[in-house]
Amino acid sequence: FMEGKTHTVGGALLAVSLSPLYTNYENSVTLPSIQGLNSLPNQAIILSIIILASTFGALLPDIDHKGSKIGRMFPFISYPLSTTFGHRTLTHSLTLFVPLFLIVTSVTTIYGYSWIGIAFLLGYFSHIVLDLFTPNGIVLFYPLLKTSVKSPVTIPTGGMYEHVLRLL
């Protein structure tokens, strides 16, 4: 599977690049008062939260793999997902992403933090897109269709091309 480093960089890059479209760094975001953070500029705090949310979102689809970073952190979730569905099936599918999108945007909008939800979802979506470039691809419409889908151009996992992609 594509390395976690590549997913975190891809997710954070996408979320940060698009952040001017979904948040106002100047004054529209109200942040909770956290001791020690009040001295930091609002923009730095918002950017840090966007990076954290998108990084978590970028790693989450691999919770279906016991050996992944997030799978090792949450083995009580990873093991059942891995043994029941396998890797790059349910958690890498649009059939899970669509309801996840609806739930995350609803909850974060209700609480006034839709920008955090958007950052998380951009990270998650970037993971799905990046895994389309792996030689095995992903089962994009699992469980409706159990056929693996991949890009016509693939990047071997952990190889030189993946490292170059991460550096770009």
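The values are calculated or read from the model by the stated rules, or taken from the named source; none is laboratory data. Predicted model only: the values in this text are computed from it and were never measured. Virtual Cβ from ideal backbone geometry, glycine too; neighbours counted across all protein chains shown. We work out accessible area using only protein heavy atoms, side chains counted, and drop any ligands, DNA or RNA first. Shrake-Rupley method; radii C 1.70, N 1.55, O 1.52, S 1.80 Å.
What to note about this one:
- Residue that is farthest from Leu122 (Cα to Cα) [pool: residues in region 71-95 that are of a type outside the set (Phe, Trp, Tyr) and in contact (Cβ under 8 Å) with a residue 40 or more places away in the chain]: His87
- Against the criterion of being farther than 20 Å from Leu21 by Cβ, among the hydroxyl-bearing types (Ser, Thr, Tyr) and open to solvent by less than 10 Å² (accessible area, probe 1.4 Å), Ser68 qualifies.
- In region 142-168, residue least open to solvent (accessible area, probe 1.4 Å) [restricted to those that are of a type in the set (A, V, I, L, M) and modelled with pLDDT of 95 or more]: Val149
- Among residues of region 134-149, those that are free of Cβ contacts under 8 Å to residues at least 60 places away in the same chain and closer than 17 Å to Glu3 by Cβ, counted: 4
- Restricting attention to region 74-113, the residues that are of a type in the set (Ser, Thr, Tyr), closer than 15 Å to Pro143 by Cα, open to solvent by 40 Å² or more (accessible area, probe 1.4 Å) and under 19 Å from the mean Cα position of the chain (by Cα) add up to 1.
- Where Phe56 falls short, out of the listed (1) without any contact (Cβ under 8 Å) to a residue 60 or more places away in the chain; (2) among the aromatic types (Phe, Trp, Tyr); (3) surrounded by fewer than 17 Cβ atoms within 10 Å (Cβ to Cβ): (1)
- Count - residues of region 1-56 that are part of a loop (DSSP other than H, G, I, E, B), under 22 Å from Pro156 (Cα atoms) and either more than 16 Å from the chain's Cα centre (by Cα) or at pLDDT 80 or above (or both): 1
- All positions within region 114-136 that are open to solvent by 60 Å² or more (accessible area, probe 1.4 Å) and modelled with pLDDT of 95 or more: Phe125
- Test result for Val139, under 27 Å from Ser19 (Cα atoms), among the β-branched types (Val, Ile, Thr) and at pLDDT 95 or above: no
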